[in-house]
Amino acid sequence: MESEAPTMENNPKISAYYQTRLAHFGVVSTEWLAQAQSATNPLPSSSTDSDTDKDTNFSVIDEFNRWRSHPDLAEAVAAIRALAAVISSSKASTMMQLEIELKNASDTLKAWDTTSISLTAASDLFMRYVTRTSALEFEEFNSAKSRLIERADKFGEISYKARKIIAMLSQDFIFDGCTILVHGFSRVVFEVLKLAAHNKKRFRVFCTEGRPDRTGLRLSHELAKLDVPVKLVIDSAVAYTMDEVDMVIVGADGVVESGGIINMMGTYQIALVAKSMNKPVYVAAESYKFARHYLLDQKDLVPAIRPVDFGVPIPLKVDVECSARDYTPPQYLTLLFTDLGVLTPSVVSDELIQLYL
Amino acid sequence: MKFWRRTEKKHETVKEVSPDTPSVSQPLKAKTTKAERRALQEAQRAAKAASKANGNSAVAESGKASPAKSKKQSSQKKDGPPVTSSVTIYKKSGNHPLEKERKKDPPPQRMQFDDQNRVEKAKRRALVNQTEARNRVEIFRHLPQYEHGNQLPNLESRLFQLDSMHPAVFKVGLRYIAGDISGVNARCTEMLRALQDAIIDYSTPPEKVLIRDLTAKINSYVSFISECRPLSISMGNAIRFVKSRIAKLPLSYTDTEAKTALCSDIDRFINEKIIIADKVIVGHAITKIRDGDVLLTYGLSCVVEMILLSAHDLGKKFRVVVVDSRPKFESQALLARLIAKGLSCMYTHINAVSYIMHEVTRVFLGASAVMSNGTVLSKIGTACIAMVAHEFRVPVLICCEAFKFHERVLLDSICCNELGDPDAVATVPGRMDINYLDNWTNKENLQLLNLMYDVTPSDYISVIVTDHGMIPPTSVPVIVREYGQEHYIT
């Protein structure tokens, strides 16, 4: 790890979230694989004081990585499962101590990748959901703890099954003979399309390339396996093909309080084109991605850096825009498919207020 | 004149019966009296036109009503009860006797000042003698407009004669008329403090229950204050809170216990909903200010001032564009305070706002009230700024406390507004040579309009910063629903 540490410092700080996505779904190259490998090692912990804290620190990250190694599992769900494991393996004897431990574990997870919105959102929501059980103070500690574990497991189950629920809810919107435009490789959207193909619906998919990870190539590969007619379009050809498209379905890295979404770079562009041509834009996102941020414009976002490979060496004087994601304001989105139901963007704030009441 | 009395009695009966079933019986009854009223007004207009003096404005006001107007007035009267929901309680109308209000279900609605009979009754009951203005704009006839400058010396001379009014409440009323207090927060706080003083000095008369008598007294104080200056919507919220706390007092409380409980409740309201809420709002809004920002603000909002000053204290580098407008030039006070603290400011008038908007990155505005459909009621000119900002894709942040949220819905700036002094529009201070409008009251085809509030649609607003966090304008009914039960209504 020491030999690779200098190379990591030379490159701009790479968002670990996108590295792992790359590792799972992008067109894989050995360089990225190596970097992804090194990203899975825990960061040197700088915030711990006592030995017991160090133990829990490591075990949270280890647990998290263990869950995360499944390509199918969303990162946020892995975090939730890891936090649930923290509760069950905790040695605390009072409720306050347990809550403090949980908070520390959640902070460590968030610090692992500060740019990942869904990680932060899921941890916060987990904390609110779990510690919201009423009359915790009046019960005997062990029964309260087992109740907490129960709720945590339930939350984990819900999040895990969220994709299936979303896939079911969105079937009504895919009609026979429709053309769907998708962007990037979102596992939720893939689940939706998989279920539609399974239900013998006839539709075709336009898949954007998704430069620079080229995740669209992977998606088109998977869809071709399901015998769904796929057409690959380069990112610049979206407006050209938008006439033939009936709807746009994208996933989300995070859903912010205004009702807008944070997603892979290029989503905002596609939403703008779709809106100006009156095509609906549907977002498939699990409810644990609802985050308490409020974004006013693109610059409000904490940038997640992702190096772009142009294939030819670029002179040093030329600056490259390496942000990996953008923010799509709510007025360009038609509906959100979530495990809480099919919602309009303005309901996100409603749900968050009710949860944080 | 017998004719007049007959219609008046009929109106009395209409009023006594109709409030029970407003939407059903009123259309039928209104139609029968409309024709009579129209005939009456025609007769009066002819009489007044014949004997038209130049000074008697009250007479002139009724004479000017045209038949078309009466139709509009009756339709407005019809619309009055169904529109104002049973939840909103406004103590504006001094015309219904207070005992009757408590017996009937629908609360007294906002007084529509274009209905003569109600205006006559209100004037008879009123403590403040106001003379109505002349040359009133037609579509704003349902709002009160009085001649300014007359009431203050009049009221001052009656200070010791009005023994039904507590001196603290009287003082607040005088300050309202003089224009000393402006801004919703200040008005609300002063009014609550005056009510607090009144409650402390209150003692239950024998044979009366504290709850009912105190409520009646508060109603009379509030109607006095609203005669001095019409209540704003958020002040209505505060009054509702006070009355709900009075109603929830246990009957077993003695006078002193009840009074201390009420005073501490009012203190808590002012503290939680205004003072601490302001601090929370400042904390949230500061996260939206970055280095290098150019912030635009309009009018004098105390919350926005606090935000700018604390962001400057935190060391953020930004500059401020302060936009102002006639006739009050309220932002000059804000400008002076900002410059004294060392912020770099630019000052301009509202007619230049589309010129400078291209360099602005954020717009911070205050609000007087926020409605359920996300529309924001605030000082006139705000809607203009928000619209221009929307065109230039500049985010607009409204900073207001949660007690200003209301479940009413407003679609335009006409229904609920306040008319200011038209003379302020006619003259330019310091410019004696601009005297073209000196005799505007004598010109029949000239009307001057000085509106105080306007309504900004929710599309132009990016985010509302409240003490509950940053919410989109579509989530206002959620806040009203979730927090309304605890704090405002029972």
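What to note about this one:
- Residue list for the stretch B:307-335, given a label point 7 angstrom along the Cα-to-Cβ vector of B:Ile356 and an amide N cut-off under 15 Å: B:318-326, B:329-335
- Chains A and B together, accessible area buried on both sides, 1.4 angstrom probe, square angstrom: 1400 Å²
- Put simply, the convex hull of the Cα atoms in the stretch A:169-242 casts, on average, a shadow of 4.6 nm².
- Solvent-free Debye scattering, log10 I(q)/I(0), computed from the Cα coordinates of the stretch B:369-451 at q = 0.12, 0.19, 0.23, 0.24 Å⁻¹: -0.57, -0.95, -1.12, -1.17
- Spin-label pair B:Ala261/B:Val294, simplified geometry with 7 Å Cα→Cβ offset, distance in nm: 5.7 nm
- Here each label is just a point 7 Å from Cα along the line to Cβ, and for A:Ser143 and A:Asp246 those points are 5.5 nm apart.
- When the square roots of the Cα gyration tensor eigenvalues are ordered a ≥ b ≥ c, the ratio a/c for the stretch A:207-346 is 1.5 or more and a/b does not exceed b/c, which makes its shape oblate.
- Taking trypsin sites (Lys or Arg not before Pro) across the stretch B:307-345, none is in a DSSP loop with at most 10 further Cβ atoms lying within 10 angstrom of its Cβ.
- A:Ser276/B:Ile414 FRET efficiency (R0 41 Å; Cβ-Cβ; nearest 0.05): 0.75
- Taking a Cβ cut-off of under 9 Å around B:Gly173, the surrounding Lys, Arg, Asp and Glu residues balance to a net charge of +2, with basic ones at +1 and acidic ones at -1.
- For the pair A:Ser346 and A:Phe175, the difference between a 0.36 nm per residue extended length and the Cα-Cα distance amounts to 59.0 nm.
- Net charge of neighbours whose Cβ lies under 9 Å from the Cβ of A:Leu352, counting Lys and Arg as +1 and Asp and Glu as -1: -2
- Residues within the reach of a label modelled at B:Glu482 (point 7 angstrom out along Cα to beta-carbon, backbone nitrogen below 14 Å), restricted to the stretch B:390-434, are B:402.
- A simple count of charges around B:Arg337, restricted to other residues whose Cβ falls under 15 Å of its Cβ and scoring Lys, Arg +1 and Asp, Glu -1, yields -3.
- Prolate/oblate/rounded label for the stretch B:231-288 (Cα gyration tensor, a/c 1.5): prolate
- For A:Glu244, B:Glu444, the ranking by accessible surface with the largest value first comes to B:Glu444, A:Glu244, using a 1.4 Å probe.
- Trypsin sites (Lys or Arg not before Pro) restricted to the stretch B:387-490 and DSSP loop, no more than 14 other C-beta within 10 Å: B:Arg393, B:Arg431, B:Lys443
- Legend: translational diffusion of the stretch A:132-269 by Stokes-Einstein, Rh = Kirkwood radius over C-alpha pairs, 4 °C, 1.567 mPa s; D = 76 µm²/s.
- Projecting label points 7 angstrom from Cα along Cα→Cβ for A:His70 and B:Leu449 puts them 6.5 nm apart.
- Across the stretch B:320-410, Cα-Cα distances exceeding 22 Å account for 31% of all pairs.
- In a DSSP loop and with at most 10 other Cβ atoms within 10 Å, the GluC sites (Glu not before Pro) in the stretch A:254-357 are A:Glu321.
- DSSP beta bridge pairing in the stretch B:378-490, given as percent antiparallel to the nearest 5: 65 percent
- Sorting B:Glu120, B:Glu401, A:Glu63, A:Glu150 on solvent-accessible area from highest to lowest, probe radius 1.4 Å, gives A:Glu150, B:Glu120, A:Glu63, B:Glu401.
- Filter on B:Lys48/B:Lys121; B:Lys288/B:Lys341; B:Lys208/B:Lys404 - keep pairs with C-alpha separation over 24 Å: B:Lys208/B:Lys404
- Entry comment: accessible area of the stretch B:355-490 is 41 Å² per residue, from protein heavy atoms only and a probe of 1.4 Å.
The values are calculated or read from the model by the stated rules, or taken from the named source; none is laboratory data. It should be emphasised that the depicted structure is a prediction, and the values quoted were computed from it without experimental measurement. Note that each Cβ is placed from the backbone with ideal geometry, even for glycine, and that neighbours are counted across all protein chains shown. These area figures cover heavy atoms from the full protein model, side chains too; ligands, DNA and RNA do not enter into them. Shrake-Rupley method; radii C 1.70, N 1.55, O 1.52, S 1.80 Å.
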